[in-house]
Amino acid sequence: MIPRPPRSSEPTVAEADAWADVLVRRQLLHAVVLTPTGQWLVQDRPDGPVRVLASPADVLALAATIQQRTRSTRPES
């Protein structure tokens, strides 16, 4: 895999929200909610615990982890 260059700016709320929407629509997470304080509440499954993420960067890091896990468990084509 080709390494990506480092980001030149911090992730935005809009970018984190877009990733959260994709993860929920693809059923990789049950729910992701932005709170008025700027924190993100994340639930993997309906009966699972709720995690608190502090920033959009944390949401993107979670999305990257899920994407990496999904790619590593997908059968080779």
So which residues in the stretch 32-57 are in contact (Cβ under 8 Å) with a residue 24 or more places away in the chain, buried (at least 16 other Cβ atoms within 10 Å of the Cβ) and not aromatic (Phe, Trp, Tyr)? Val32, Pro56
Could you list, in sequence order, all residues of the stretch 1-21 that are β-branched (Val, Ile, Thr) and either surrounded by 13 or more Cβ atoms within 10 Å (Cβ to Cβ) or in contact with an Asp or Glu (Cβ under 8 Å, 6 or more places away or on another chain) (or both)? Val13
Single residue of Leu60, Leu29 found to be surrounded by 10 or more Cβ atoms within 10 Å (Cβ to Cβ), touching a residue at least 24 places away in the same chain (Cβ under 8 Å), under 12 Å from the mean Cα position of the chain (by Cα) and part of a helix (DSSP H, G or I): Leu60
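Read the figures in this text as sums done on the coordinates, not as results from a lab. Just so it is clear, the model here is predicted, and its values are computed rather than measured. Quick reminder, even Gly has a Cβ in these numbers, built from the backbone with ideal geometry, and neighbours come from all protein chains shown.
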